Amino acid sequence: MVTASAMSAPSPSVQSLLRPVVSVGSVNGAPTPLAPQIAIEIDDVDFCYGASKALHDITLNIAARQVTAFIGPSGCGKSTLLRCLNRMNDLIDGARVTDGQIRIDGVNIYDPRVDVIELRKRVGMVFQKSNPFPKSIYDNITYGLRIQGESNKARLDEVVEKSLRGAALWDEIKDRLHESALGMSGGQQQRLCIARAIAVEPEIILMDEPCSALDPIATAKVEELIHDLKKQFTIVIVTHNMQQAARVSDRTAFFYLGKLIEYAETKVIFMQPANAQTEAYVSGRFG
Amino acid sequence: MSATTENRSLGRLPTREALLQKRRGWFFGMSGDQFVKYLFQGNATISIIVLGLITFTIFRDAVGFIPMNHASLAVYRLAGLEYVDIYREQLTTHSTMSRYLASVRAQKLDQLMNKEGLAPAAAMATLAEFDDFANRFADTINEQETLLGSMTDLVTAVKERQTVSEDIMVGKQYLLRAMAGATPERAAELQRAADVLTVEVIDFKAEFQRVLALRPEIAAANTSQVAALKALMAGAPKFADSDLQRRMEKFQGFVQGYCQEVEVTAQKMAAWDQSKPIGWLESFNAFAFGRKWVTASFWQDWYGIIPLLSGSLLIAFLALLIALPLGVAAAVYVNQVARPVEQKIIKPYIEFISAIPSVVLGFFGIAMLGETLRRVSQIPALDWVPGFPMAERLNPTTAACLLALMAIPTIFSLAEDAINNVPRSFKEASFALGATRLQTIIHIIVPAALSGIMAAILLGFGRVIGETMVVLLCAGNRIQTPDLTSGLGVIFQPVHTMTGIIAQEMGEVVRNSIHYRALFMVGVVLFLISLLINWLAQKIVRRYRISIG
Ligand SMILES: Nc1ncnc2c1ncn2[C@@H]1O[C@H](COP(=O)(O)OP(=O)(O)O)[C@@H](O)[C@H]1O
Ligand SMILES: [Mg+2]
């Protein structure tokens, strides 16, 4: 169902999305020498929740200004890896990276000298369930800037408009900026969360199954938005919907049981996967 | 067919028989389910009935207060006590002025001995002129005092006779009522006993003539007093010290005011109408807005709730002021910051506070806290704190500290619940936008939990205002309305409370007397306050559930 309606929406066809990626290339997770377009280097990362190991030796490079999709069955560690990228896992007791490095702009983000607050300003996040604050639409979007000390009304107004336009929401809600965000529809709320994330001008946006709670039409809108956003932002998206991965992403990583099984251009993953498990998963023959 | 056979062999009934074999009840024809249902239904009904009965009884006993107070106020007027009180006020003003003079003298004496280093005897000698002045001022009231005394004697005698006649009337009614079911001989005996009792009907108008007869003497006394004051003020002593001189001039102003008051009082006494009826509203207002709570007085009893209500409120607000930051901060800390180990220790620990019996806390308040607070207040370096040094060791602050301790578990638990109900996703969203933990707490968590926290505060307030033992032991129990205009020092002036007065006086009060009913009225006020608080808290919590979704 999702496929049909999303396809009929004016979003680019799968074929056009699967255009080749030139410089960041690797097959089966072996990174090529660093190219300037690499936004995040994930290098041999192990991750544990207390005693149980959730990620094993993950190595992959995420290309700048492209959409990278993480796919795989439930519980394989997609969200865990995603939340490592902005250290959201710090909030969970006993959760930690036990080995390896994650580098952004050459800096290991788990280095003790790293300021987590600054990291999260540069690596924004959109969650599975839309989570606007119980405040007005305006206050939701300006929250990130206000806590950074921005109080200039004109500047805030400008950012609100820019972010809402960026999230393709401006025309729908420009007349009710001061109403509660909780009064919007589910799809609007999720796009508001995206607007809120881009308002602080991050470089990277992480999305954890952003459409899983949305209906097909809202999903199509968000997918279209993702396509527009990659002109400015590096996007990493977790999805369990393979058609969605095929539609929106440039590169796809397939995970299974906490291991990276295959990482390549989306076209390759879906058309000629090198690994038999990947092949089984993308063709829907997976347990 | 074969299936049925198989079932039978397994001890199962055929479907048809199984469906139709509803068992008969095993307990008075009721099945287990029915029995349980009626059991719970019965318990719920009993609780509701008991609650209803309690409410009804309290209100019934309280409502009787209004007519009784009405009667009491009527006698107060008819017997002329009200008239005498008008006059008494004038004399009170005069003695206030005498006290003022005494304080001026004390200041001067202090100056002479401490600053100028005079020996006590020398200092006294210097003050001789002033003392002479003060004595002559005090003497100007002698005549009035005599008159007030005579009037007081006259009207109290009348009131006494009225009380006796009321008592006799009640006794007589008892006798006559007892006759209803008695044997003829016994009835005759009772009748005779009743006949002996004569109820005196007092002619208040006639009695009051004797008080009125004193009017010319009062007028004469006033005239001579005003003349004496004028003469006295002409020769008032002068001080070299500017501060003292200013106080003396202020005193002259008082005297002028007093001379005017003498006239006003005379007019009021002339205008006073003995036969003006007391309104029902007036007898209710005497309770609701009355600033005096005086019982078992030879003169007139007053049942005004204001000193008790304001005492209770003062203590409750102070307690909240202490408990609120502590309780809410602890809740925020435990829920948002503490590690699981800390949570496991802190939560039960705070909740354990509510297990301390309040009498133990009160005892601690008397034995330790009050004394410690007073010691601290006597440290000279702390003199700048309003109300320091404290005169009394038991005062609203002592009580409020302990009450805060009792309110903290309530506020803590409810606020922690409210914070816990804030969806985790709000917190994650805030962190993901680069907010610090403190920013997240202040801008997201606390506002989202605010209505729950407000409800917690309200219920904490309810807990505090209904608490009895601690205030009875530690509030100082002096019946006086805290004078908020006199500054912050008021929080160290002893007060009495609504709960305290009920606990203290209910035991020795005569059943169904006006005093007894007045205490029930206080109970009703407490009851209404608690009701209001709980209702508000529920309303807030309901709105909060809706807003969070
Ligand atoms: N907070 C947590 N504490 C302990 N284990 C967790 C936690 N979150 C996830 N896990 C475990 O880590 C593994 C990966 O989870 P997750 O990254 O959420 O998978 P996915 O997003 O791919 O469905 C799962 O086995 C899950 O049970
Ligand atoms: Mg997940």
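Every read-out reported here was derived from the displayed coordinates using simple, explicitly stated rules and does not represent laboratory data. All values derive from a computational prediction rather than experimental measurement. Neighbour counts run over all protein chains shown; Cβ positions are idealised from the backbone, glycine included.
Structure notes:
- Amide H contacts of A:MET207 (H built 1.01 Å from N, in plane; Pro and chain starts excluded): A:VAL126, A:VAL236, A:ILE237, A:VAL238 sit under 5 Å, all sequence-distant by 5 or more or on other chains.
- Base-10 log of normalised Debye intensity for the protein assembly as shown (one unit scatterer per alpha-carbon) at q = 0.05, 0.06 Å⁻¹: -0.56, -0.72
- Packing rank of A:38-46, B:182-190, B:254-262, where each peptide gets the mean count of other beta carbons within 10 Å, highest leading: A:38-46, B:254-262, B:182-190
- Exceeding the 20 Å Cα-Cα cut-off - candidates B:LYS344/B:LYS427; A:LYS53/A:LYS259; B:LYS230/B:LYS250; A:LYS231/B:LYS427; A:LYS78/A:LYS121: B:LYS344/B:LYS427; A:LYS231/B:LYS427; A:LYS78/A:LYS121
- Note that segment B:74-286, at 20 °C in a medium of 1.002 mPa s, gets a Stokes-Einstein diffusion coefficient of 99 µm²/s from its Kirkwood radius over C-alpha pairs.
- On Cα atoms only, tilt of B:65-78 relative to the major axis of chain B in degrees: 10
- Gyration tensor over alpha-carbon atoms, chain B, equivalent ellipsoid semi-axes in Å: 62, 43, 19
- 0 to 90° range, to nearest 10: angle between helix B:142-178 axis and chain B longest Cα axis: 40
- Cross-link partners of B:LYS115 among aspartates and glutamates (Cα-Cα below 14 Å; sequence separation of 8 or more within a chain): B:ASP241
- Taking 19 Å as the straight-line reach from the Cα of B:LYS276, the aspartates and glutamates in range (excluding those fewer than 8 positions away in the same chain) are B:GLU82, B:ASP85, B:ASP203, B:GLU207.
- In segment A:133-202, taking the dipole from charged Cβ atoms about the Cα centre, the farthest positive-side position among A:GLY187, A:ILE147, A:LEU177 is held by A:ILE147.
- Paramagnetic reach from A:ASP90 in segment A:236-265 [backbone N under 16 Å; point 7 Å along Cα→Cβ]: none
- Once divided by 2.2 N^0.38 Å, the Cα radius of gyration of segment A:133-202 becomes 0.97.
- Annotation: average projected area of chain A is 15.2 square nanometres, based on the convex hull of Cα atoms across all directions.
- Segment B:230-253 residues near the modelled B:GLN260 label - backbone nitrogen below 18 Å, point 7 Å along Cα→Cβ: B:230, B:249-253
- Working value for segment A:204-287: equivalent-ellipsoid semi-axes of 23, 14, 12 Å, each the square root of 5 times a Cα gyration tensor eigenvalue, largest first.
- Members of A:LYS129/A:LYS162; A:LYS135/A:LYS174; A:LYS135/A:LYS230 lying beyond 18 Å, as alpha-carbon distances in this model show: A:LYS129/A:LYS162; A:LYS135/A:LYS230
- Per residue of A:86-98, other chain Cβ atoms within 10 Å of the residue Cβ number 1 on average.
- Efficiency of FRET from Cβ geometry, B:ASN43 and B:ASP243, R₀ 51 Å, rounded to 0.05: 0.10
- Protection proxy ranking for B:488-499, A:213-224, B:199-210, using the average of other Cβ atoms within 10 Å per residue and placing the highest first: B:488-499, A:213-224, B:199-210.
- Segment A:133-202: relative contact order as a whole-number percent, Cα under 8 Å and 6+ apart: 51
- Global form of segment B:19-141, assessed from the alpha-carbon gyration tensor, a/c cut-off 1.5: oblate
- Between helix B:306-332 and chain B: long-axis angle, C-alpha atoms, 0 to 90°, nearest 10: 40
- Per residue of A:140-147, other chain Cβ atoms within 10 Å of the residue Cβ number 4 on average.
- Residue-span extension gain [B:LEU536 to B:ASN142] - 0.36 nm each, minus C-alpha spacing: 136.1 nm
- Extension gain for A:ARG65-A:LYS259 works out to 67.3 nm (0.36 nm per residue, less the C-alpha to C-alpha distance).
- Compactness index (Cα Rg / 2.2 N^0.38 Å), segment B:260-317: 1.52
- Cα-based equivalent ellipsoid, segment B:433-501: semi-axes from gyration tensor eigenvalues, Å: 38, 16, 9
- Of all DSSP bridge pairs formed entirely within the protein assembly as shown, close to 60 percent run antiparallel.
- P(r) for segment B:343-421, from all Cα pairs and a bin width of 10 Å, is 17, 36, 26, 18, 3 %, short bins first.
- Extension gain (nm, one decimal) between B:LEU13 and B:ILE66, 0.36 nm per residue minus Cα-Cα: 11.7 nm
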